[in-house]
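The values are calculated or read from the model by the stated rules, or taken from the named source; none is laboratory data. Treat the numbers as computed from the prediction; the structure is a model and nothing was measured. Positions of Cβ are backbone-derived with ideal geometry, glycine not excepted, and every protein chain shown enters the neighbour counts. To get the accessible areas, we keep the full protein, side chains included, count just its heavy atoms, and leave off ligands, DNA and RNA. Shrake-Rupley method; radii C 1.70, N 1.55, O 1.52, S 1.80 Å.
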Amino acid sequence: MIGGARQPREYGTPPVPPSHQGCAIRSVRVQLPAQRGELRDRHEDGHHLHHLLWRLDPSLRVCSSAVLGGGIGPRAWILNAQVPGGYPRLDPARHLAEIAAAEGLTGPGAGLMTAADVAAYTTGHDGGVIATVTTGLGVRGWAAAPESATHAPHRPGTVNIVVTLPTALSDAALVNAVATATEAKVQALLDAGLDCSGTPTDAVCVAAPEPGPDGGEPFAGPRSTWGARIARAVHTAVLAGACLS
């Protein structure tokens with residue numbers, strides 16, 4: 001089987017949750033390999049939802065397009081949170097911060113959001129690179145769409161990609177890694193027979209160690225050693241998710 005599809009859930013004893021903006025959030029840890037993050041379970045405004053959580057080593061930094069904590073810099077955690085379809089809130093960054101607070105997370109983090117079933121995440125592995133993807137393709141299309149199409153409201157359906165790798169990357173290589181992951185995503189969608197380059201709200205996070213005096217790997221394009229591994233891992237995960245959607 002390509003990647004990892006829906007995983008079995010083993011529920012523990014839920015902690016007493018805090019309340020945020022009148023919204024009680026209950027989280028239950030599910031045991032999964034740490035490099036793929038933890039699959040978490042919560043109840044929010046009458047909805048049973050999931051989120052994936054990575055608790056990052058202090059030596060890691062993240063380059064991301066995340067709605068919360070985007071950009072390049074040290075991040076203590078990454079959160080990929082499921083929200084209901086027809087998402088009504090207009091403050092996604094604040095909402096993600098509330099979920100993070102309910103998890104007891106501190107320090108800077110990166111938060112992504114999707115209406116896709118987070119429990120149906122898929123993974124790809126290649127040479128130490130792990131790509132974890134949640135795939136929602138209900139609102140898909142081409143990046144270079146006519147101007148009229150860009151004014152339509154967009155739901156957070158979203159293909160969210162989180163990549164972890166064990167090798168330090170330079171600033172330029174980190175940015176290149178995000179581009180490489182995006183290229184691989186589009187290739188996988190086309191290979192799945194879909195006529196799209198993604199959704200209007202897709203997001204990518206790449207986590208890699210801080211570079212030392214040598215500055216880290218200078219390249220992460222698809223023909224570099226680590227870029228090629230990123231591309232293959234992301235392609236595997238996105239293709240599996242697209243075939244399940």
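Listed values, structure above:
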quantity	calculated
Count of residues meeting criterion [open to solvent by less than 20 Å² (accessible area, probe 1.4 Å) and not aliphatic (A, V, I, L, M)] in the range 104-116	3
Condition broken by ASP126, with the remaining ones in (1) modelled with pLDDT of 95 or more; (2) on the phi > 0 side of the Ramachandran plot satisfied	(2)
Cβ pairs under 6 Å, 6+ apart, first in the range 201-218 and under 14 Å from ILE161 (Cα atoms) and open to solvent by 20 Å² or more (accessible area, probe 1.4 Å), second part of a strand (DSSP E or B) and among the hydrophobic types (A, V, I, L, M, F, W, C)	ASP202/VAL159
Flag for THR167 being modelled with pLDDT of 95 or more and either outside any loop (DSSP other than H, G, I, E, B) or within 17 Å of the chain's Cα centre (by Cα) (or both)	no
Single condition VAL163 does not satisfy, out of (1) within 22 Å of ARG223 (Cβ to Cβ); (2) touching a residue at least 24 places away in the same chain (Cβ under 8 Å); (3) open to solvent by 40 Å² or more (accessible area, probe 1.4 Å)	(3)
Filter result for the condition that a residue is open to solvent by 40 Å² or more (accessible area, probe 1.4 Å), touching a strand residue (DSSP E or B) at 6+ places or on another chain (Cβ under 7 Å) and charged (D, E, K, R), over ARG140, ARG75, ARG89	ARG140
Residue list for the range 119-130, restricted to those being surrounded by fewer than 24 Cβ atoms within 10 Å (Cβ to Cβ) and not in a strand (DSSP E or B)	ALA119, ALA120, GLY127, GLY128
Considering residues of the range 42-94 that are assigned to a strand (DSSP E or B) and without any contact (Cβ under 8 Å) to a residue 12 or more places away in the chain only, the residue farthest from the chain's Cα centre (by Cα)	HIS48
Some residue of the range 33-41 being in a loop (DSSP other than H, G, I, E, B), at pLDDT 60 or above and open to solvent by less than 60 Å² (accessible area, probe 1.4 Å)	yes
Test: residue in the range 166-182 that is crowded, with 24+ Cβ neighbours inside 10 Å, β-branched (Val, Ile, Thr) and either out of contact with any His (no Cβ under 7 Å at 6 or more places or on another chain) or over 26 Å from TRP77 (Cα atoms) (or both)	yes
Of the criteria (1) surrounded by 14 or more Cβ atoms within 10 Å (Cβ to Cβ); (2) in contact with a Leu (Cβ under 7 Å, 6 or more places away or on another chain), which one ASP191 fails	(1)
Checking HIS235 against (1) within 14 Å of GLY124 (Cβ to Cβ); (2) open to solvent by less than 20 Å² (accessible area, probe 1.4 Å); (3) in a helix (DSSP H, G or I); (4) touching a helix residue (DSSP H, G or I) at 6+ places or on another chain (Cβ under 8 Å), the condition it does not meet	(2)
